[in-house]
């Protein structure tokens with residue numbers, strides 16, 4: 001047995017050190033930027049949370065939200081709608097950060113007087129282009145093997161101009177179960193107006209005149225302009241054991257987040 005242990009230790013010492021190579025990583029705060037009518041600038045902080053020096057590229061990109069809620073780049077040949085990129089200057093465009101170091105990225109807003117009222121959007125994209133900038137450039141036969149990561153973080157930047165309006169709705173809210181019997185509420189959020197929404201979903205269970213009990217809270221659900229309808233499946237994985245879904249009068253509410261006032265934006269019954 002001891003011989004096997006020594007063989008294993010010897011083999012570990014001879015293996016390439018890919019598992020032990022150092023790498024840079026990214027953190028970005030805040031995770032969403034909203035620039036209101038009177039705002040002219042904002043700041044995003046990026047931080048290298050890894051254990052190696054990293055080179056980062058920083059840029060603004062256009063992305064769109066599909067009906068499934070996925071936010072993806074525009075396809076080649078597509079014209080971005082309501083892009084905020086022409087309105088924003090971002091600096092710096094690249095930075096090298098040692099482990100633990102941070103960099104403030106400035107977003108300067110310039111809105112033309114002829115800009116129509118409504119909401120415009122871009123996305124800050126930070127890409128790690130070199131996850132170990134301290135690593136020697138010239139390779140040798142004894143060089144440590146490392147795996148280069150292609151890490152990307154993208155956050156939305158929302159610019160509002162003039163009067164904005166928003167009307168939300170909930171359609172086709174239904175109780176569903178997968179092949180394993182796990183329950184969820186499937187629904188469509190509908191959006192009308194010249195701005196996006198950001199809110200929290202609450203699924204409730206009630207019996208007669210009793211106060212509804214929240215059995216699922218699902219925060220941070222957005223519907224970006226110009227998307228008019230978004231499908232959402234809310235898992236009921238936190239339902240208390242004493243709650244019988246079949247005996248409930250289920251309801252679903254979409255409300256603004258507390259920092260935005262918390263008002264109800266839409267609500268509907270859930271059909272079995």
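The values are calculated or read from the model by the stated rules, or taken from the named source; none is laboratory data. Just so you know, these numbers come straight off a predicted model, no measurement behind them. In this analysis, Cβ positions are derived from the backbone assuming ideal geometry, glycine residues included, and neighbour counts consider all displayed protein chains.
Cβ-Cβ distance below 6 Å, separation of 6 or more or different chains: which pairs start in the stretch 49-76 with a residue that is under 17 Å from residue 230 (Cα atoms) and end on one that is in a loop (DSSP other than H, G, I, E, B)?
Close Cβ pairs satisfying both conditions: 64/74; 65/224; 65/227.
Given the conditions (1) out of contact with any helix residue (DSSP H, G or I) (no Cβ under 8 Å at 6 or more places or on another chain); (2) under 20 Å from residue 33 (Cβ atoms); (3) at pLDDT 95 or above, report the number of the one that residue 152 does not fulfil.
(3)
How about the stretch 170-201: which of its residues are under 20 Å from residue 270 (Cα atoms), in contact (Cβ under 8 Å) with a residue 40 or more places away in the chain and either assigned by TED's automatic domain parsing to the domain that holds residue 67 or crowded, with 20+ Cβ neighbours inside 10 Å (or both)?
Answer for the stretch 170-201, where residues must be under 20 Å from residue 270 (Cα atoms), in contact (Cβ under 8 Å) with a residue 40 or more places away in the chain and either assigned by TED's automatic domain parsing to the domain that holds residue 67 or crowded, with 20+ Cβ neighbours inside 10 Å (or both): 170, 173, 185, 187, 189, 199, 201.
Every residue in the stretch 84-110 that is over 22 Å from the mean Cα position of the chain (by Cα) and surrounded by 19 or more Cβ atoms within 10 Å (Cβ to Cβ), please.
Once the filter is applied, which keeps residues that are over 22 Å from the mean Cα position of the chain (by Cα) and surrounded by 19 or more Cβ atoms within 10 Å (Cβ to Cβ), the stretch 84-110 yields 87, 97.
Can you tell me how many residues in the stretch 155-169 are surrounded by 15 or more Cβ atoms within 10 Å (Cβ to Cβ) and part of a strand (DSSP E or B)?
10
Among 129, 95, which is the only one that is modelled with pLDDT of 95 or more, closer than 21 Å to residue 23 by Cα and either out of contact with any strand residue (DSSP E or B) (no Cβ under 7 Å at 6 or more places or on another chain) or in the same structural domain as residue 50 (by TED's automatic domain parsing) (or both)?
95 is the lone residue from the list that is modelled with pLDDT of 95 or more, closer than 21 Å to residue 23 by Cα and either out of contact with any strand residue (DSSP E or B) (no Cβ under 7 Å at 6 or more places or on another chain) or in the same structural domain as residue 50 (by TED's automatic domain parsing) (or both).
Those residues that are over 14 Å from residue 184 (Cα atoms), touching a residue at least 24 places away in the same chain (Cβ under 8 Å) and exposed (fewer than 12 other Cβ atoms within 10 Å of the Cβ), I need them from the stretch 241-255; list them, please.
Residue satisfying the conditions is 247 alone.
What residue, of 119, 113, 135, is at pLDDT 95 or above, farther than 13 Å from residue 44 by Cβ and either within 21 Å of the chain's Cα centre (by Cα) or in the same structural domain as residue 35 (by TED's automatic domain parsing) (or both)?
119 is the lone residue from the list that is at pLDDT 95 or above, farther than 13 Å from residue 44 by Cβ and either within 21 Å of the chain's Cα centre (by Cα) or in the same structural domain as residue 35 (by TED's automatic domain parsing) (or both).
Condition first: under 16 Å from the mean Cα position of the chain (by Cα), farther than 19 Å from residue 272 by Cβ and not in a loop (DSSP other than H, G, I, E, B). Now tell me which residues in the stretch 196-239 satisfy that.
197, 198, 199, 200, 218, 219, 220, 221, 222, 223, 230, listed by residue number.
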